[in-house]
Amino acid sequence: MLTGLPAALATGMTAGVSAGILHAGTFTWGARASYSQATEYTTTWAVTHNEVRLRAVGALQGRLGRGTVGLRLGAGVTALYETRVRAQAARLGDAAGSLDTSAWSALPGGELEGFIALPIVGPFGLGLSAGPSLHVFQGAVVPGWLAQLTAVWWP
Amino acid sequence: MKSLLPLLAFCLVGCQDKVLGLLDNATPLVNIHVKVTGDLQALRPPGTLAETPHLRVAVVWGATYLPDAFCAIYQTLPLDPSATAVAQAGCRDDFGFAPSLVGESVAVSADGTATIPLINLPNAAVLIGEVTSRIGYASIIVFDDRNESGTLELHRAPGTAVGVPGGPGGGTGPAVGAPGDVTPVIKGDFVYGASFVSMTQPDQRIAYLEGTFDANNALYGLFYPRAGCGGPPTGFSVLSAGGFSAVDGLKAMATGSAPAEDPTTCGTATLDSTVTIPLQATETVRDVVCPGGGTSGTVRYVAPAAQPDWQQPWACMPVVYSACLVGIALPGQDCSTFNAKARPSLAIAAPPGDCKGTTHFLLKGCATDPNCATPQWDYTTPAKLPVWWPCDTGATP
């Protein structure tokens, strides 16, 4: 599960699911992907952002007791699908459809997350990660944050 | 990783053009085209000629307004000279447009044209009907935005008690300073024209209909009716009608119907057409920014706790204004039993101001019902009867 600040909305919280792989080793690498959604409102629009975050990650990790702790740096692209629905426009009937808009975009972005993973049953366990994020949207750097709760499998 | 670098570089410059986020760049739902005609300078009241006029037009959605029967009858028919004097001084045009909600407003350009972008749909409070079929009407109002607020402020009638001012602005207001100084005390907006002033005049009104028009809907027949003109199309439109006489309106009101319009004066147009508004003296059109009556639009009765301003026209009146007063017996009604001579109510006009107003004092009753079972006040006992009470003191008929 993933939650965080939307990549291109000034407020609200995006929530969704994520998955990833990470090689073993102290200095290692992997990949992650996530899908999340957030809906916020202006006085005239209901704006929904669907975000697909694709990340290449590098990590520094080590054992701590039975668990694993580390720092993970991810960088990549956030594919963004935006739908904007005009408030109350459904009242206009057939004419309302032409008022709504949708658009694709792709934003460069990345996160720096601290993480901890703990085996619970055999090779299966839980992982928790959180940290700051950055996106570049309309020429400006947009800071944010991200937190994930994951099921972990050590093959 | 190498394959991602060109994509990253591309996205920094080219992938983000269409996403708008929370940018509130609402495109207009429709545009209303307005043409204002006439010479404003010749119509400006004394005391304001030194000001720079800021002429604007605003969309104002109409209220559900139930006319005060006293006003409707005595404003129209010469039945009682004292009552007619009260009605003329204290009653707005009972068939006039009553405002409820001020919408978008724009400045009028030097050539008298303006285009009003409607960003929002009118809210449900100004629509009549049900969710599947409801309608609202708006008047385009021309005003001098004297306080430069960028919008039109509705006015209100003064209270009948001495020293309760109306406002804001409009009209010349009480004089201040040197004798002859007629500078308005409160700097409110002056109205100089409206596309929909009254149902007794030719009008052009903005209509907004959700669903389909139901000609059999009784509510539609009472809400700024255009009997005989047909219904508007779904969505926004510009409707026109020639108007009906106040006498016809009064007779129709007594029977719960609407007077028919001359079909040759009826019109239905899209918003591509231009709404033309001639400028007129503010005193002749001021009612369109005066909300009608109380919150319910009905007559509100007042206890005679304080003495009114006797400088204003007043008259002792019946409590119930039956259709019998205008010679109309409704089905099942026997006008021979109607006692028109009992006059236990005091009707008095509000002091002159931006908006007209009439107050009905009653010795015993409730704010909205003179014959309520449990009176909110009772001044009929000798101990409580005001010494200044000029009307009948008997039980209300």
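Among the residues of this structure, A:L99 does not count as one that is surrounded by 14 or more Cβ atoms within 10 Å (Cβ to Cβ), modelled with pLDDT under 95, touching a Cys at 6+ places or on another chain (Cβ under 8 Å) and of a type outside the set (S, T, N, Q).
Restricting A:G67, A:G62, A:G58 to those that are more than 15 Å from the chain's Cα centre (by Cα) and loosely packed, with under 14 Cβ neighbours inside 10 Å reduces the list to A:G62. Contact map, the range B:231-244: residues that are among the hydrophobic types (A, V, I, L, M, F, W, C) paired with residues that are assigned to a loop (DSSP other than H, G, I, E, B), Cβ distance under 6 Å, separation 6+ or inter-chain. Pairs shown: B:F236/B:L271; B:V238/B:S273; B:L239/B:P232; B:A241/B:R226; B:A241/B:C229; B:A241/B:E261; B:A241/B:C266; B:F244/B:P259.
Within the range B:247-284, being farther than 14 Å from B:L222 by Cα, among the aliphatic types (A, V, I, L, M), surrounded by 16 or more Cβ atoms within 10 Å (Cβ to Cβ) and touching a Leu at 6+ places or on another chain (Cβ under 9 Å) holds for B:L271, B:L279.
The range A:12-68 holds strands (runs of 3 or more DSSP E) entirely within its bounds, and those carrying 3 or more residues that are within 13 Å of chain B (Cβ to nearest Cβ) and more than 24 Å from B:A26 (Cα to Cα) map to A:27-41, A:45-64. The residues of the range A:90-122 that are closer than 27 Å to B:Y208 by Cα and more than 8 Å from chain B (Cβ to nearest Cβ), listed by number, are A:A90, A:D94, A:A96, A:G97, A:S98, A:D100. A search for C-beta distances below 9 Å between a residue of the range B:374-385 that is without any contact (Cβ under 8 Å) to a residue 40 or more places away in the chain and assigned to a strand (DSSP E or B) and any residue that is of a type outside the set (A, V, I, L, M) and surrounded by 11 or more Cβ atoms within 10 Å (Cβ to Cβ), counting only pairs 6+ apart in sequence or on different chains, returns B:D378/B:K364; B:D378/B:G365; B:D378/B:K384.
A single entry from A:G76, A:G131, A:G144 fulfils the requirement of being within 13 Å of the chain's Cα centre (by Cα), in a strand (DSSP E or B) and either within 12 Å of chain B (Cβ to nearest Cβ) or modelled with pLDDT under 90 (or both): A:G76.
Just one of (1) away from chain A (no Cβ under 14 Å); (2) out of contact with any Gly (no Cβ under 7 Å at 6 or more places or on another chain); (3) assigned to a loop (DSSP other than H, G, I, E, B); (4) not β-branched (V, I, T) fails for B:P233. It is (1).
Which residues, taken from the range B:44-76, are within 22 Å of the chain's Cα centre (by Cα), more than 26 Å from B:I135 (Cα to Cα) and among the hydrophobic types (A, V, I, L, M, F, W, C)? Within the range B:44-76, B:L55, B:F70, B:C71, B:I73 qualify.
Scanning the range B:146-173 for residues that are surrounded by 21 or more Cβ atoms within 10 Å (Cβ to Cβ) and either at pLDDT 90 or above or in contact with a Leu (Cβ under 8 Å, 6 or more places away or on another chain) (or both) yields a single hit, B:L152.
Within the range B:110-122, the set of residues being part of a loop (DSSP other than H, G, I, E, B) and within 13 Å of chain A (Cβ to nearest Cβ) comprises B:I119, B:N120, B:L121, B:P122. Somewhere in the range A:91-101, is a residue charged (D, E, K, R) and in a strand (DSSP E or B)? No, every residue in the range A:91-101 fails to be charged (D, E, K, R) and in a strand (DSSP E or B). Just so you know, in the range A:79-89 the residues that are closer than 30 Å to B:T212 by Cβ and facing chain B (nearest Cβ under 9 Å) include one that is surrounded by the most Cβ atoms within 10 Å (Cβ to Cβ), and it is A:R84.
Scanning the range B:128-145 for residues that are on the phi < 0 side of the Ramachandran plot, assigned to a strand (DSSP E or B) and surrounded by fewer than 21 Cβ atoms within 10 Å (Cβ to Cβ), which turns out modelled with the highest pLDDT? Quick ask: steps written out before the conclusion?
Within the range B:128-145, the subset on the phi < 0 side of the Ramachandran plot is B:128, B:130-145.
Of the ones still in play, those that are also assigned to a strand (DSSP E or B) are B:128, B:130, B:133-144.
Keeping just the survivors that are surrounded by fewer than 21 Cβ atoms within 10 Å (Cβ to Cβ) gives B:128, B:130, B:133.
Details: B:I128: 91, B:E130: 87, B:S133: 88.
Per the stated criteria, the residue is B:I128.
Can you tell me which of B:A58, B:A125, B:A85 is hydrophobic (A, V, I, L, M, F, W, C), outside any loop (DSSP other than H, G, I, E, B) and within 14 Å of chain A (Cβ to nearest Cβ)? It is B:A125. Within the set B:L7, B:L22, the sole residue that is at pLDDT 80 or above and at the interface with another protein chain (Cβ under 7 Å from one of its Cβ atoms) turns out to be B:L22.
The values are calculated or read from the model by the stated rules, or taken from the named source; none is laboratory data. On a predicted model such as this, the values are computed, not experimentally measured, just so you know. Virtual Cβ from ideal backbone geometry, glycine too; neighbours counted across all protein chains shown.
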